[in-house]
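The values are calculated or read from the model by the stated rules, or taken from the named source; none is laboratory data. As the structure is a computational prediction, the values presented were derived from the model and not from experiment. Note: ideal-geometry Cβ built from the backbone for every residue, glycine included; neighbour counts use all protein chains shown. Surface areas here come from the heavy atoms of the whole protein model, side chains and all, with no ligands, DNA or RNA. Shrake-Rupley method; radii C 1.70, N 1.55, O 1.52, S 1.80 Å.
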Amino acid sequence: MRTDIFARLDREPEPPKIETPRMSRHRIALFGGTLAFYLAIVVAVLVSSWLVALDWKVMLFRPYQQWPELHAFLDYYVVLGQRGPTAVMVAAWLGWRSWRQHTLRPLLTLGASLLLLNLSVGAVKLGLGRLGPHYATQIGSAELFAGGDIFPSGHTANAVVTWGILAYLATTPRARRYLSAVSAFVSLGVGLTTVYIGTHWLSDVLLGWAAGLLILLALPWFEPLITRTEVLILSVREQWRNRRRRLRKPVPPSPVAPEPVLLPQALGGGAAAEGAQGAASRAAASGAPGTAGAGHPGAAARARAYPAHPSRPERTPPTTAGSRRPPHADRSARSSAGPSRPVAGGPVAP
């Protein structure tokens, strides 16, 4: 078993037993107080109260001109509140955790929180339509219902939710405390940076902090839905894997029925075939050698396929007596008493 620090990077043999956060009384009290603070800010902006006057004072103070040496650094620091880069970074970390712990809960929780953030913050932005400090038209006005989308601050709310989800998913109380402090520092810094740059009013940042905190506090209500979604995704994945295994498994060949053998017809006609069959039956009846297997069905098939050649009529052997040449009328028959053949070169007898 490994004991070094890299052992924590190995995949766990089985999913750990992590206690799911529940909506306790303490959490419900925090949710109610944050919701009241959220509504108070909205009402204060709607009635153009002292909060709107404070917004204008901070904007006219122009912090980016008071401390210009911080501008270069804060331009990069504010990226920690942009939805795209922060979502990619946090999703990469939570994706590794999902792989290591054999569970999809971290990624599904991040997706649910971002969906709630887009719905809640986006709806208020479009509904109130407030313009930002750079586009303000009348000093002292709340700049509401003018076609803007600045209230509440999306950067601030996104920083609270994205970095706060790490503390929400922490597995130990110690890690939860440390990650809560880090996420609070980052979200506060991002909100104040937007005020420094001049892209948001101070009330926008206050409402962004409240909006992000409301989403984190309300997440335990969505845990049953997250659990059902995880079970559904895992079951679909298992079905897909079983289907792939069945497709990859070799199919055994089906038994092939024997086909009938087509035998050629006899070339010698029906009479020759019948003659061959008769000869074979006579040979089998007489017990001739080499015909012991004639009664076998295969022998009859071979006899039909390859009939015996018809027997030729026997010829009369030629006689040895006498000459085989036909007689000639002008030649006399030889006799033993006749004159002998003359010797070559001798006189011819009269």
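For LEU131, state whether it is under 21 Å from ASP204 (Cβ atoms), buried (at least 18 other Cβ atoms within 10 Å of the Cβ) and without any contact (Cβ under 8 Å) to a residue 24 or more places away in the chain.
yes
Filtering the range 54-64 for residues that are in contact with a helix residue (DSSP H, G or I) (Cβ under 7 Å, 6 or more places away or on another chain), of a type in the set (D, E, K, R) and closer than 21 Å to LEU144 by Cα leaves a non-empty set. Just to be sure before I move on: is PRO85 open to solvent by less than 60 Å² (accessible area, probe 1.4 Å) and under 41 Å from the mean Cα position of the chain (by Cα) in the structure I sent? Considered against the rule, which asks whether it is open to solvent by less than 60 Å² (accessible area, probe 1.4 Å) and under 41 Å from the mean Cα position of the chain (by Cα), PRO85 comes out as yes.
Scanning the range 198-232 for residues that are assigned to a helix (DSSP H, G or I) and over 37 Å from the mean Cα position of the chain (by Cα) returns LEU202, SER203, ASP204, VAL205, LEU206, LEU207, GLY208, TRP209, ALA210, ALA211, LEU213, LEU214. Within the range 7-55, the set of residues being among the small types (Gly, Ala, Ser) and within 16 Å of ARG97 (Cα to Cα) comprises ALA7 only.
Remark: pairs (first residue in the range 187-202, closer than 18 Å to TYR38 by Cα; second residue open to solvent by 10 Å² or more (accessible area, probe 1.4 Å) and of a type in the set (Phe, Trp, Tyr); Cβ separation under 7 Å; 6+ apart in sequence or on different chains) = SER187/TRP163; SER187/TRP209; GLY191/TRP209. Do we have any residue at all in the range 180-192 that's touching a His at 6+ places or on another chain (Cβ under 9 Å), part of a helix (DSSP H, G or I) and crowded, with 24+ Cβ neighbours inside 10 Å? Yes - at least one qualifying residue is present in the range 180-192. Of all the numbered requirements in (1) open to solvent by 50 Å² or more (accessible area, probe 1.4 Å); (2) assigned to a helix (DSSP H, G or I), TYR38 misses one, and that requirement is (1).
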